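Take a look at the structure below.
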Amino acid sequence: MKEQDMFLNAVCEIEFQEPEGCGPTWLLGLCKQLERTLGRTEGAIRNGPRPIDLDILYYLTPKGKHVVMSSDELSVPHKAMAERSFVLLPLMDLGPDTRHPVLNRSTADMVELLVQGTEGVVDIDAVLTFPYSDPTSRMMATGSCTLLMGVLNHTPDSFSDGGIDRDLSEAVARGVAMLEHGADIVDIGGQSTRPGAKCVGLEEELARVVPVVVGLRECCPSAFISVDTSSAEVARQCLQAGASMLNDVTAGVCDPGILKVAAEHQVPIVLMHSRGTPETMADLQDYNDLLPQVVKELRARVEAALEAGIYSWNIVLDPGIGFAKNMDQNMELLRQLPKLKQQLAPYPVLLGTSRKRFIGTITHVERPEERLMVTVASCVAGVAAGIDLLRVHDVQQMKQATLMADAIYR
């Protein structure tokens with residue numbers, strides 16, 4: 001049955017002590033009992049809407065040996081799993097190298113074989129999960145529509161809007177306005193990352209950002225609030241103050257502790273490609289082959305994040321337009337966005353071109369606040385390439401543009 005409401009699909013690995021002499025059939029009985037407890041009834045439409053559906057994919061002995069069995073009631077491994085993208089794609093999170101004991105193929109191999117064809121492939125949106133301790137404890141799907149992250153810089157020296165909202169009440173009001181105009185996330189920053197910007201220090205960054213997080217959370221209890229920081233301590237205090245996610249332009253290179261903070265709080269984190277610091281990145285633009293190097297360096301940061309304990313489904317990647325890249329390199333990345341998106345799969349990708357200097361140089365628009373139309377053009381290119389999130393200053397206008405672009409390209 002194809003016409004039904006959206007549902008959450010997930011794969012989990014469970015360790016348990018089975019009673020002596022029991023096996024997969026015993027586990028199936030427990031699953032059916034749980035389904036009944038949660039409201040599933042017998043006689044429902046096959047493959048139709050139901051409150052919960054539990055399947056056993058693999059069953060391993062305490063020594064790690066796969067159990068293979070088939071009966072009228074149960075088949076292990078699940079006989080249809082290799083045909084279902086909505087099973088294989090979440091299974092990739094647990095282990096792309098796990099081998100099917102009958103087919104002798106890894107999960108990654110089965111996914112590759114499946115996507116080569118067209119039949120039976122079901123589109124599945126990646127989901128950012130927010131912790132249950134957070135007022136926003138819910139999920140945000142990426143893929144079906146373009147998400148907007150509104151830029152809220154509480155700084156005196158950001159390249160585009162530094163000093164606009166130096167007053168706390170004004171900063172909070174602008175964050176509220178972004179949400180009302182259609183921002184899915186508000187990204188609050190207290191440290192400018194423009195080329196040449198100097199570090200303001202921990203205490204100053206905290207003084208700039210934490211009150212805005214608190215104020216916006218009080219006004220908008222269900223808002224998704226991101227903090228743009230490379231400091232583990234700023235990240236920790238902001239999450240404790242009510243932030244929902246993190247956005248690190250150094251992807252944990254500047255302060256590796258921020259990865260542990262994200263893991264401990266189980267929040268999404270944006271890992272952006274860059275090199276050096278804002279003071280030094282203009283001198284680090286030497287690439288032998290731009291796209292492969294950006295992908296390779298981002299993949300290395302993903303590995304660091306996973307090792308720190310961050311869930312793979314809470315990782316968002318950003319190619320870092322304007323960071324350690326000159327104008328020609330920025331344009332090359334924009335032209336290759338479809339390939340970039342493909343090579344960074346399965347992670348959602350964020351694009352940040354809003355008001356940046358290189359688009360002003362190309363279009364001869366000197367003032368950053370006047371670069372709306374050129375920002376729209378670059379962002380629509382992102383939508384067409386399948387980019388999941390756009391980080392923008394002009395939320396109201398960009399919401400209109402992305403609604404139309406989504407209607408064309410999604």
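The values are calculated or read from the model by the stated rules, or taken from the named source; none is laboratory data. This one's a predicted model, so the numbers in the text were calculated from it and none came from an experiment. Positions of Cβ are generated from backbone atoms using ideal geometry, with glycine treated the same way; all protein chains shown enter the neighbour counts. Areas reflect the complete protein model, heavy atoms only, side chains present, ligands, DNA and RNA absent. Shrake-Rupley method; radii C 1.70, N 1.55, O 1.52, S 1.80 Å.
Scan (1) assigned to a helix (DSSP H, G or I); (2) under 27 Å from A324 (Cα atoms); (3) touching a Gly at 6+ places or on another chain (Cβ under 6 Å); (4) touching a residue at least 40 places away in the same chain (Cβ under 8 Å) for the single condition L298 breaks and write down its number.
Every condition holds for L298 apart from (3).
Looking at region 16-26, can you tell me whether even one residue there is assigned to a helix (DSSP H, G or I), acidic (D, E) and either modelled with pLDDT of 80 or more or surrounded by 11 or more Cβ atoms within 10 Å (Cβ to Cβ) (or both)?
no
Looking only at region 273-285, how many residues end up being open to solvent by 10 Å² or more (accessible area, probe 1.4 Å) and either of a type in the set (S, T, Y) or modelled with pLDDT of 95 or more (or both)?
Residues meeting the conditions: 3.
Quick check on this structure: which one of S354, S378 is among the hydroxyl-bearing types (S, T, Y) and either in a loop (DSSP other than H, G, I, E, B) or over 23 Å from the mean Cα position of the chain (by Cα) (or both)?
S354 is the lone residue from the list that is among the hydroxyl-bearing types (S, T, Y) and either in a loop (DSSP other than H, G, I, E, B) or over 23 Å from the mean Cα position of the chain (by Cα) (or both).
Can you confirm whether P256 is surrounded by fewer than 20 Cβ atoms within 10 Å (Cβ to Cβ), touching a Leu at 6+ places or on another chain (Cβ under 9 Å) and at pLDDT 95 or above?
no
Taking D187 and the conditions (1) open to solvent by less than 50 Å² (accessible area, probe 1.4 Å); (2) free of Cβ contacts under 8 Å to residues at least 60 places away in the same chain; (3) acidic (D, E), which numbered condition does it fall short on, given that it satisfies the others?
The one condition D187 does not meet is (2).
Hey, can you tell me all the residues within region 349-364 that are free of Cβ contacts under 8 Å to residues at least 60 places away in the same chain, of a type outside the set (S, T, Y) and in contact with a helix residue (DSSP H, G or I) (Cβ under 6 Å, 6 or more places away or on another chain)?
Within region 349-364, V349, L351, F358, I359 meet the criteria.
Out of all the residues in region 108-155, which are over 23 Å from H181 (Cα atoms) and at pLDDT 75 or above?
Residues satisfying the conditions are A108, D109, M110, V111, E112, L113, L114.
Identify, by number, the condition in (1) more than 22 Å from the chain's Cα centre (by Cα); (2) at pLDDT 95 or above; (3) under 26 Å from A405 (Cα atoms) that S160 doesn't meet.
Condition not satisfied by S160: (2).
Tell me the residue from Q266, Q237 that is closer than 25 Å to L202 by Cβ, modelled with pLDDT under 95 and open to solvent by 10 Å² or more (accessible area, probe 1.4 Å), please.
Only one candidate passes the filter, namely Q266.
Do any helices (runs of 4 or more DSSP H) lying entirely in region 197-289 carry at least 1 residues that are of a type in the set (K, R) and closer than 22 Å to E170 by Cα, and which ones are they?
Ranges flagged: 202-219.
For residues that are in a loop (DSSP other than H, G, I, E, B) and among the aromatic types (F, W, Y), scanning just region 301-343, find the one that is most open to solvent (accessible area, probe 1.4 Å).
Looking at residues that are in a loop (DSSP other than H, G, I, E, B) and among the aromatic types (F, W, Y), I get Y311.
Being within 29 Å of L403 (Cα to Cα) and touching a residue at least 12 places away in the same chain (Cβ under 8 Å) is true for just one of C219, C254, C238. Which residue is that?
Going through C219, C254, C238 in turn, just one is within 29 Å of L403 (Cα to Cα) and touching a residue at least 12 places away in the same chain (Cβ under 8 Å): C219.
Could you say whether any residue in region 163-170 is open to solvent by less than 50 Å² (accessible area, probe 1.4 Å), modelled with pLDDT of 90 or more, over 15 Å from M245 (Cβ atoms) and not in a helix (DSSP H, G or I)?
no
Just to be sure I understand the filter: pairs with C-beta atoms under 9 Å, separated by 6 or more residues or on different chains, first member in region 332-348 and of a type in the set (S, T, N, Q), second member part of a helix (DSSP H, G or I). Which pairs pass?
Q336/L290; Q336/L291; Q343/L291; Q343/P292; Q343/V295; Q343/R299
Tally the residues that are touching a residue at least 60 places away in the same chain (Cβ under 8 Å), assigned to a helix (DSSP H, G or I) and open to solvent by 10 Å² or more (accessible area, probe 1.4 Å), restricting the search to region 381-401.
The total comes to 2.
Regarding region 208-222, can at least one residue be identified that is open to solvent by 30 Å² or more (accessible area, probe 1.4 Å) and in contact with an Asp or Glu (Cβ under 7 Å, 6 or more places away or on another chain)?
Within region 208-222 (the criterion being open to solvent by 30 Å² or more (accessible area, probe 1.4 Å) and in contact with an Asp or Glu (Cβ under 7 Å, 6 or more places away or on another chain)), the answer is no, since none of the residues qualifies.
Quick check on L57: is it more than 27 Å from E42 (Cα to Cα) and touching a helix residue (DSSP H, G or I) at 6+ places or on another chain (Cβ under 8 Å)?
Taking the combined requirement at face value, the residue does not satisfy it.
If we keep just the residues of region 192-207 that are of a type outside the set (A, V, I, L, M) and touching a residue at least 40 places away in the same chain (Cβ under 8 Å), which is least open to solvent (accessible area, probe 1.4 Å)?
Ranking the candidates gives S192 first.
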